[in-house]
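Please read the structure below before turning to the comments.
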Amino acid sequence: MAGEDCVRKRPSGSTTTCKIPDNERTQRRPENERSFQNSSNGRVDVDHVITRKMQLIAEAEQLKPAFMKEVDSHFTEFVNSLVAKSALLDSSPSASLFPASSSEKELHKAKTLRAPPEHGKIFSARRSLLDELFEVSHIRTIYHMFIALLIVFILSTLLVDFIDEGRLVLGFDLLVFVFGKFPVVFCTWLCMFCATVIIPYNLFVWWAQGYCSSSHRIIRSLFYGMLFTLFQTAGLGFGPTYVAVSYALPPASRFIVILEQVRLVMKAHSFVRENVPRVLSSVKDKSSTVPIPRISQYLYFLFAPTLIYRDNYPRNPTIRWGYVATKFAQVLGSLFYAYYIFVRLCIPQFRNSSQETFNLRGLVLCIFNSILPGVLILFLVFFAFLHCWLNAFAEMLRFADRMFYKDWWNSTSYANYYRTWNVVVHDWLYYYAYRDFLWFFGKKFKAAAMLSVFTVSAAVHEYVLSICFGFFYPVLFCLFMCFGMVFNFILNDRRKGPIWNVIMWTSLFLGQGVIICLYSQEWYARQYCPMENPTFLDYLKPRSWSCHVKM
């Protein structure tokens, strides 16, 4: 055979090659190449080259989704494996990275866990998702579109004011009003913060130092637990609320006080909840030392953008002050963005709403007209607080774990949306409300645990809005407990198709429209229809239902 005679091995290891006959070389050429040469007769067939190029491009486009899906699958498997091995390493410090006793079943079990039960949340160095997405020019263009929309709002406001007043009106009366009485806000925050630094930490230290030698450990624990609960309810609970109401703080100033109140309550609870089991474990093991965190660790936790206490967090080596300045500038820009949304889209619509007779058609139009400002406010709250504000403080503190949110916009279920919208608060609710409920009552009460978490979250949200707006109108509570719970079970994690993402966004748009419409109507109704000697029931009854009668 010619193919067998072409290459012969010599004892020295060298080879000799033979010349392939022309007729055999011609037979070995691809069929398309021979047809191309035969059809061209020595000249380049341009049409054939273009056709072949288009075929290759089409084949590449067909292979691209499968290739990207395969890469994403392998990358996700690699990251999950890395996290699982890290969790196994943390749970057994003396073991090696790949212990011989670890079976494939144990590794698979570790992959499916959110975190080892004895450790809780695992912090790791990672960037925020938007910081990564903004490196893609297509995503950055969407950000530029929102900036362009802000410029349009500004131009619209300036032109209308110039036409009405004959001059440019550059006043920001609304911002000045909602952020009024700032010295009272600052003094209230300073008192709250100092009390949170001193009281919970010292209560824990006094309890921990005497717990080992105490002969009445249960009584001692109950006594200090009651003191801590009293501080949480009366000191941090009642005090800031009384200041916000008695000093008649404007809405944004109240938001600052009440949100800081809730944040400090959650942080103090996390500090005690994470450190008490460590003291009990050390006493049970008859350790000679009591694990008491340093005051510097507690102070860092109070400023860190997390609600889960740890003695140490992953830290970045340097601080990018340019990044910090950019994030604070974006927060300020978002604030002005919200101002123009209210000035151009909300105030003209609701200013005279109380003078109109209530009817179903007007309510439906109000809700749908409120969807655009409601969605824009939702995006601004997410971008300004969850991305810019938290990243700015994380950068100043060199806090490396920046996963404050996940890709909630891709959610196909409300269960996933609740987990990914605000990871900081979700982690606190998961570890200290949901898991502690199951630990106390048993794992068979998962539905009751989920209901309790929804109830606590809805009550806190409604409490914040009630204090900040100065009236009780449980719109958000009803949406949370009724539609939120129903959608959480109907739009569950088994819904994976894109249609469910459309349904999720549609319901989210409608919910934002309902919130903006009803709360705005109630705000203006209480401005236009004040009561001289209101009773407690008058604060609970919606004024917007009857204000048009009094007009």
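The numbers here are math on the coordinates, done by the rules we state, and not lab data. Everything numeric here is computed off the predicted structure, so don't read it as measured data. Backbone-built Cβ (ideal geometry, glycine too); neighbour counts: all protein chains shown.
List of remarks:
- Placing a pseudo-label 7 Å from each Cα along the Cα-to-Cβ vector at T318 and Y247 gives an inter-label distance of 4.1 nm.
- Computing FRET efficiency as 1/(1 + (r/R0)^6) for L365 and S546, where r is the C-beta to C-beta distance and R0 is 25 Å, gives about 0.75.
- The Rg/Rh ratio of the range 432-537, with Rg taken over Cα atoms and Rh as the Kirkwood radius over Cα pairs, comes to 1.09.
- Full extension of the chain between N533 and W206 gives 112.9 nm of extra length, using 0.36 nm per residue less the Cα-Cα distance.
- Given K181/K267; K286/K443; K121/K267, the pairs whose alpha carbons are separated by over 20 Å: K181/K267; K286/K443
- Estimated FRET transfer efficiency (K446, M403; beta-carbon r; R0 25 Å; 0.05): 0.50
- If you take the Cα centroid of the range 517-541 and the Cα centroid of the range 360-413, the two points sit 28 Å apart.
- Kirkwood Rh (inverse of mean 1/r, distinct Cα pairs), the range 171-307, angstrom: 16.6 Å
- If you sort the three axes of the alpha carbon gyration tensor as a ≥ b ≥ c, you get a/c of 1.5 or more for the range 456-496 and a/b above b/c, which makes it prolate.
- Estimated distance in nm for a label pair at V184 and V486, the labels positioned 7 Å out from Cα along Cα-to-Cβ: 4.1 nm
- Between H138 and F223, the contour length at 0.36 nm per residue exceeds the alpha carbon distance by 24.7 nm.
- A125/I163 FRET efficiency (R0 56 Å; Cβ-Cβ; nearest 0.05): 0.55
- Order by protection proxy (mean Cβ within 10 Å, highest first), peptides 278-286, 326-334, 253-261: 253-261, 326-334, 278-286
- Residue separation of W439 and M396 scaled by 0.36 nm, minus their Cα-Cα distance, works out to 11.8 nm of gained length.
- About the Cα centre, charge dipole magnitude for the range 326-420 (Lys/Arg +1, Asp/Glu -1 at Cβ), debye: 20 debye
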